[in-house]
Amino acid sequence: MIKMESSGAKEWNILLDGEKKVNLPLSTSSITNKFYIIKNFVEGVSKTLGKPFDNWLVSFLKASLNETTRAKTIIDNLEVLKKFSDAYITSKNIDFSMFVDESKAKKNSILFSAVEIEKIIRLSSYLKLYSLASNTETLKPSGVVHKEVYNKLAKEVIETEIVRKIYDVIKTKTFRYNLTDRYMWKYIENVQGKDIGIHVVEIFNFIINNILILCEEDKNPITYFVGTVDESVKWFLRSVYKSSIVYEDTISTEDIQGINVDNLRTYSFNDSLGRLKIIAFEKIYKSLEKRLPMKLEAEHKEDEFIVQFHERLAEVENVSPICETLVYPILSKMTDIPYAHFKTLSPEHSVVISVYLQDLLKRVFGSEYSSLFSLLSYYPQKSPAISTTYKIKDIEEYINIQDVSKSFFGFNTKLLPNIFMSHYIGRISRIEFNNIFDGRKLAGIPLSKIETDTVLFYTNYFSGALLPKIKELAKLMDNDF
């Protein structure tokens, strides 16, 4: 029978019938912090399934030590891994319906069925066995292989409604804190550039990548997820309270973007953003000159155009969703300035750098995504909607485009991109846009074209296919600097 014993702070040995077979130097991670859960599971499988499992596990881990053949070894053993894990879960005769109380379900409740709970537990058990390799320094596969393995193991969960339900649970639970800590979240958004939506995505990623594996087979995983959300939000709010209160003479800056513990880095980011805004204004002035009539009766017509532009700019009170989801992420990749710093930009300056990026995008992409990029010179008249019920209309085209890429940050899932893109398009569709150059209202958004461009652009963006284009954008920007 297999036993696991600790031989150091982050080091474990696998023993077979008392004889040491494999040494596991663990990575620094949340999994390592609760490795006793992995230990108990592995020993439980060994006790139940006996020699066939014991011999396979030792053989599998020893073969994975060979870096040259490690990827093939891991992938070739996935079905065997699932077979042993499924056999163990089945042998436990767990009544998964005990985790489902339909009597408490309301109309808008997020209810997981017994079948869905079972799929989550089975995926967690796969990941526990796989973690003996993925969480060990000497057995860890490359990032590409890890994503492939995760997709294969999680196939029966990713391709269902389960992922969306987990995301909705996290979102609902987190947004409840917004009711009691509304002003703190507003402070975080204004100063740190991190709104509650970003935190929801971060918690979701953390749960999927680190917490899911630690679910115990005889406990409700959804309760565990909810507890993780609670602790995460409380820790986050506490840390912000502590890190944001400093003595007045410790930090001195005239720019709100400078409220950061690391003053040197903050100064560098602020300096780069300041230069970027100056360059953007210069580009806009040149663009205004080109818009002037060929013959002018007034001598100072050019100055009048610039004054009118700044008057319109002063009226901008809201940041467009296009800036938050398109302009900021791309510029962040181009400049290596964290996304959070762009979130502190005022609505006026957001429009200015949006127009500048539009010029660069046209030079690099030509007529591609023209409908989407055309919105970069517009600003919203009213505050954009926070939520939307919009759903992508041409789902067939969406699926076809997704099938070409088959990669959402390395994961083969079509559900989450659909949720994010639908939310983005829905927010845009309900906005009254005005052109920053002439003040004219946008007469009807070409929503079908915007939808097509959005799906195509973000599918390529999430898959990493646009990195060469972003490098071209960065080169053009460097020339302007």
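Taking 8 Å as the Cα distance limit and 6 or more residues as the minimum spacing, I'd like the relative contact order of the stretch 1-158 as a percentage. Before the final figure, lay out each step's value.
Numbers: 168 pairs, mean separation 37.1, N = 158.
Relative contact order, the stretch 1-158: 23 percent.
Taking N as the number of residues in the stretch 15-110, what value does Rg over Cα atoms divided by 2.2 N^0.38 Å take? It would help to have the intermediate numbers written out before the result.
Values: Rg = 17.8 Å, N = 96, 2.2 N^0.38 = 12.5 Å.
This ratio for the stretch 15-110 stands at 1.43.
Would you mind calculating the gained length between V144 and K362 on full extension (0.36 nm times residue separation, minus the Cα-Cα distance), in nm to one decimal? Can you show the working numbers first?
On the way: separation 218, 0.36 × 218 = 78.48 nm, distance 3.22 nm.
Result: 75.3 nm gained on full extension.
Could you work out how far apart the two model spin labels at S346 and T172 are, taking each label as a point 7 Å from the Cα in the direction of the beta carbon, and quote it in nm?
4.1 nm
Determine the gain in length on full extension of the stretch E231-N55; use 0.36 nm per residue of separation and subtract their C-alpha separation, reporting nm with one decimal. Provide the component values of the computation, followed by the final result.
On the way: separation 176, 0.36 × 176 = 63.36 nm, distance 3.98 nm.
Stretched fully, the E231-N55 segment lengthens by 59.4 nm.
Please give, to one decimal in nm, the separation of the simple spin-label points placed at L65 and E202, each 7 Å out from Cα toward the Cβ.
4.0 nm
Rg/Rh for the stretch 1-61: what does it come to with C-alpha atoms and Rh from Kirkwood?
Numbers: Rg = 11.3 Å, Rh = 11.8 Å.
Rounded to two decimals, Rg/Rh equals 0.96.
Would you order E348, E397, E5 from fewest to most other beta-carbon atoms within 10 Å of each residue's own beta-carbon?
Values: E348 18, E397 15, E5 10.
Least crowded to most crowded, the residues run E5, E397, E348.
Going through the cross-link list K140/K333; K171/K469; K62/K92; K34/K119; K34/K82; K391/K441, which pairs have a Cα-Cα distance over 31 Å in this structure?
Numbers: K140/K333 28 Å; K171/K469 33 Å; K62/K92 29 Å; K34/K119 22 Å; K34/K82 22 Å; K391/K441 25 Å.
The answer is K171/K469.
Subtracting the Cα-Cα distance from 0.36 nm times the residue separation, let me have the gained length for K290 to N33 in nm, one decimal.
Details: separation 257, 0.36 × 257 = 92.52 nm, distance 6.20 nm.
This chain segment gains 86.3 nm when fully extended.
Under a crude label model (7 Å from the Cα following the beta-carbon direction), how far is E216 from S113 in nanometres?
Between E216 and S113, the simple spin-label model gives 2.8 nm.
Each value in this text was obtained by applying a stated rule to the coordinates, not by laboratory testing. Here the structure is a predicted model, which means the values were calculated and not measured. Every residue, glycine as well, gets a Cβ built from its backbone with ideal geometry; the counts of neighbours run over all protein chains shown.
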